[in-house]
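Colleague: Here's a structure for you.
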Amino acid sequence: MFPTGRRDGRVSIANEALFNLPPPFANITVLKQQFAGVGLSVKDLAVLSGGHTIGIGHCTTISDRLYNFTGKGDTDPAMDPRYAAQLKKKCKPGNSKTVVAMDPGSFKSFDEDYYTVVAKRRGLFQSDAALLDDAETRDYVTTQSRTHGLTFALDFAESMVKLGNIGVLTGEQGEIRKRCAFVN
């Protein structure tokens with residue numbers, strides 16, 4: 001259960017949220033530093049990355065990974081070549097309109113399939129692939145893939161509570177909202 005009654009800001013600025021999110025092209029070192037910088041563990045990194053089980057990514061976000069990974073017109077060698085070929089059919093160079101599923105086959109369902117995709121080197125973003133570059137995150141990916149997400153739902157809930165406790169407002173700051181989506 002997610003705690004209620006916390007103080008929220010009175011203003012929401014989308015760019016601020018984007019600034020605080022790890023970039024999709026981040027390597028494992030950057031990801032670990034960003035998570036540690038806000039008091040989250042390496043396990044939280046692996047768990048919260050599982051949120052990529054839902055949603056889409058823009059082709060522009062993965063264009064360099066597909067067409068110019070090292071600046072020499074190459075594809076990221078960490079990506080499964082068959083998956084890269086599928087993405088290249090959908091994401092032509094310079095295509096800014098097309099989107100692709102972050103978790104092909106179940107991108108509308110909150111499930112553990114993301115970890116199976118990543119374990120097969122089919123993570124959409126470089127930050128997904130980076131989970132295989134660290135022993136602890138790789139072990140989590142492998143375990144969730146092999147056990148069909150045995151602990152994923154509980155782990156995700158625990159990590160979301162930790163995430164929700166970052167930068168909590170106190171005293172007279174912000175407000176406790178009567179309806180979450182609206183300022184009082």
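The values are calculated or read from the model by the stated rules, or taken from the named source; none is laboratory data. Worth saying up front: this structure is predicted, and the values here are computed from it rather than measured. Note: ideal-geometry Cβ built from the backbone for every residue, glycine included; neighbour counts use all protein chains shown.
Colleague: Among the numbered conditions (1) over 20 Å from SER145 (Cβ atoms); (2) assigned by TED's automatic domain parsing to the domain that holds THR116, tell me where ALA85 comes up short.
Modeller: (2)
Colleague: Also: Being closer than 30 Å to PRO93 by Cβ and either within 12 Å of the chain's Cα centre (by Cα) or of a type in the set (Phe, Trp, Tyr) (or both) is the filter here; which residues of region 19-49 pass it?
Modeller: Hits for region 19-49 are PHE19, LEU21, PRO22, PRO23, PRO24, PHE25, ALA26, LEU31, SER49.
Colleague: A further question follows. Looking only at region 24-57, which residues are closer than 18 Å to GLN126 by Cβ and of a type in the set (Val, Ile, Thr)?
Modeller: ILE28, THR29, VAL30, VAL42, THR53, ILE56
Colleague: Same structure again: Could you check region 169-184 and list, in sequence order, the residues that are at negative phi and exposed (fewer than 12 other Cβ atoms within 10 Å of the Cβ)?
Modeller: THR170, GLU172, GLN173, ILE176, LYS178, ARG179, CYS180, ALA181, PHE182, ASN184
Colleague: When you scan region 158-177, do you find a residue that is of a type in the set (D, E, K, R), more than 26 Å from THR60 (Cβ to Cβ) and at pLDDT 90 or above, even just one?
Modeller: Checking region 158-177: at least one residue is of a type in the set (D, E, K, R), more than 26 Å from THR60 (Cβ to Cβ) and at pLDDT 90 or above.
Colleague: Only residues that are of a type in the set (Val, Ile, Thr) and touching a strand residue (DSSP E or B) at 6+ places or on another chain (Cβ under 9 Å): list them for region 36-94, please.
Modeller: Matches in region 36-94: ILE56, ILE62.
Colleague: Of all residues being touching an Asp or Glu at 6+ places or on another chain (Cβ under 6 Å) and part of a helix (DSSP H, G or I) in region 129-161, which is surrounded by the most Cβ atoms within 10 Å (Cβ to Cβ)? Just the residue, please.
Modeller: Checking each candidate, the answer is GLN144.
Colleague: Okay, moving on. Taking ASP103, is it buried (at least 18 other Cβ atoms within 10 Å of the Cβ), at pLDDT 95 or above, acidic (Asp, Glu) and closer than 27 Å to VAL47 by Cβ?
Modeller: no
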